[in-house]
Amino acid sequence: MDVKEAKERLSYHSGRNEDIHNPKWEHGFLGSLRPFQGELRKENFIDVMECLQALKDEIAAPSIDRDLVSDIIAIVHLAQAWASPDGMLGSNHLLTEEQTKHLTAWCHIIQSCFMYLLEEAEEEAFFEYEEYLDGNYC
């Protein structure tokens, strides 16, 4: 995946892409949570992480694209807010305990990866994600 495609995919996952009629918007990371249909989509989490991998040099650069930052922060912040006890998913008891655990873990892994990439620590950036894929996380 190239940089342009990774940025576009993140824009759909964050719900910030203006093409709201595209199925990528509705089925993306945040789009699939609103309205929630009872299923978390692990493939969205994996796609977000693949986008971060493709964008690692962009994120570590001295100057970073504001839209890229907004997309990543929106994914993490809104998912956490919605899953919280006072959020739309939490307060309406739409997530199971297991789903809440996974969504929280995904947000933590994305956020941690982003922070490490900003610090040019690529090896550390993907450590938790690799642990997750190996079944040693969560």
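The values are calculated or read from the model by the stated rules, or taken from the named source; none is laboratory data. Worth saying up front: this structure is predicted, and the values here are computed from it rather than measured. Virtual Cβ from ideal backbone geometry, glycine too; neighbours counted across all protein chains shown. For the accessible areas, the whole protein counts, side chains as well, though only heavy atoms, and no ligand, DNA or RNA atoms are used. Shrake-Rupley method; radii C 1.70, N 1.55, O 1.52, S 1.80 Å.
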Query raised in the report: Do we find that residue 104 is free of Cβ contacts under 8 Å to residues at least 12 places away in the same chain and β-branched (Val, Ile, Thr) in this structure?
Result: no
Query raised in the report: Can you list the helices (runs of 4 or more DSSP H) found entirely within segment 1-113 that contain at least 2 residues being open to solvent by less than 80 Å² (accessible area, probe 1.4 Å) and among the aliphatic types (A, V, I, L, M)?
Result: 3-13, 42-54, 56-60, 66-83, 88-91
Query raised in the report: Looking only at segment 20-36, which residues are farther than 12 Å from residue 75 by Cβ and in contact (Cβ under 8 Å) with a residue 24 or more places away in the chain?
Result: 34, 36
Query raised in the report: List pairs: first in segment 63-76 and in contact (Cβ under 8 Å) with a residue 40 or more places away in the chain, second surrounded by 14 or more Cβ atoms within 10 Å (Cβ to Cβ) and of a type in the set (Phe, Trp, Tyr), Cβ under 6 Å, 6+ apart or cross-chain?
Result: 72/114; 75/29
Query raised in the report: Of everything in segment 121-132 that's assigned to a helix (DSSP H, G or I) and in contact (Cβ under 8 Å) with a residue 24 or more places away in the chain, which residue is farthest from the chain's Cα centre (by Cα)?
Result: 122
**Report entry** Subset of segment 116-133 that is of a type in the set (D, E, K, R) and within 17 Å of residue 103 (Cα to Cα) - its residue that is most open to solvent (accessible area, probe 1.4 Å)
**Finding:** 130
